[in-house]
Amino acid sequence: MKNEFMAQAYKEAKKAFKEDEAPIGCVIVKDGTIIARAHNRKVHKNCAVFHAEIEAIQKACRKLDNWNLKGCELYVTLEPCMMCTGAIVNSRLDKIYYGCKDPKGGALVSNIKFKRIKNLNHYPEIKGGIMEEECSKILKDFFKAKR
């Protein structure tokens, strides 16, 4: 099931690639059904906060008419940054699945060991490395073409 949902997040990443955005995609799942999907739109919206995770969280909150996403899982192609990790904590998502690590900006395991931060009000389960090769390759291809 995890690969199926990550494959959907990957489809979102491909949309971002076609829109000349960093190819990162995200889906949010509740009870085995995708309730939100999004991809990076930072360039399109000319604003740094439009990461795939933020867009997906907003859509899921609207869908459920609730800021609290307890019972939901987030699948994202790249390890979330500090901003997105903060939004994940604040929205109470149960589980986070990511494709590849982000050695420059990752805030779950790469740069910040999220689980070591004391006194947060919520700690989602974290699992990485799902479709890692594909998720890494699309990012490398995108940035290689930019150079």
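The values are calculated or read from the model by the stated rules, or taken from the named source; none is laboratory data. Here the structure is a predicted model, which means the values were calculated and not measured. Ideal geometry is used to build each Cβ from the backbone, glycine not excepted, and the neighbour counts take in all protein chains shown. In case anyone asks, the SASA skips ligands and DNA or RNA and just uses the protein heavy atoms, side chains included. Shrake-Rupley method; radii C 1.70, N 1.55, O 1.52, S 1.80 Å.
Hey, any hits in the range 20-34 for a residue that's part of a helix (DSSP H, G or I) and open to solvent by less than 40 Å² (accessible area, probe 1.4 Å)? Within the range 20-34 (the criterion being part of a helix (DSSP H, G or I) and open to solvent by less than 40 Å² (accessible area, probe 1.4 Å)), the answer is no, since none of the residues qualifies. Tallying residues that are at negative phi and among the acidic types (Asp, Glu) within the range 60-83 yields 2.
Report, by residue number, each residue of the range 110-128 that is under 20 Å from residue 3 (Cβ atoms) and not small (Gly, Ala, Ser).
Filtering the range 110-128 for residues under 20 Å from residue 3 (Cβ atoms) gives 124-128.
Correct list: 124, 125, 126, 127.
Just checking, does the range 91-113 include any residue being open to solvent by less than 30 Å² (accessible area, probe 1.4 Å), modelled with pLDDT under 95 and more than 13 Å from the chain's Cα centre (by Cα)? No, the range 91-113 contains no residue that is open to solvent by less than 30 Å² (accessible area, probe 1.4 Å), modelled with pLDDT under 95 and more than 13 Å from the chain's Cα centre (by Cα). Does the range 133-144 include one or more residues that are modelled with pLDDT of 95 or more, under 22 Å from residue 29 (Cβ atoms), open to solvent by 30 Å² or more (accessible area, probe 1.4 Å) and of a type in the set (Lys, Arg)? Within the range 133-144 (the criterion being modelled with pLDDT of 95 or more, under 22 Å from residue 29 (Cβ atoms), open to solvent by 30 Å² or more (accessible area, probe 1.4 Å) and of a type in the set (Lys, Arg)), the answer is no, since none of the residues qualifies. Checked against (1) within 11 Å of the chain's Cα centre (by Cα); (2) open to solvent by 70 Å² or more (accessible area, probe 1.4 Å), residue 88 passes all but condition (2). Taken over the range 69-85, the criterion of being within 8 Å of the chain's Cα centre (by Cα) and under 20 Å from residue 2 (Cα atoms) is satisfied by 74, 75, 76, 77, 78, 79, 80.
Looking at residue 9, is it in contact with an Asp or Glu (Cβ under 7 Å, 6 or more places away or on another chain), closer than 25 Å to residue 70 by Cβ and open to solvent by less than 20 Å² (accessible area, probe 1.4 Å)? Break it down stepwise before answering.
Numbers: in contact with an Asp or Glu (Cβ under 7 Å, 6 or more places away or on another chain): no; closer than 25 Å to residue 70 by Cβ: yes; open to solvent by less than 20 Å² (accessible area, probe 1.4 Å): yes.
Against the criterion (in contact with an Asp or Glu (Cβ under 7 Å, 6 or more places away or on another chain), closer than 25 Å to residue 70 by Cβ and open to solvent by less than 20 Å² (accessible area, probe 1.4 Å)), residue 9 does not qualify.
Somewhere in the range 44-51, is a residue open to solvent by 50 Å² or more (accessible area, probe 1.4 Å), within 14 Å of the chain's Cα centre (by Cα) and either of a type outside the set (Phe, Trp, Tyr) or at pLDDT below 95 (or both)? Yes, because at least one residue in the range 44-51 is open to solvent by 50 Å² or more (accessible area, probe 1.4 Å), within 14 Å of the chain's Cα centre (by Cα) and either of a type outside the set (Phe, Trp, Tyr) or at pLDDT below 95 (or both). As a summary of the residue check, residue 126 satisfies the conditions (1) among the hydrophobic types (A, V, I, L, M, F, W, C); (2) more than 21 Å from residue 11 (Cα to Cα); (3) at pLDDT 90 or above; (4) crowded, with 20+ Cβ neighbours inside 10 Å except for the one numbered (4).
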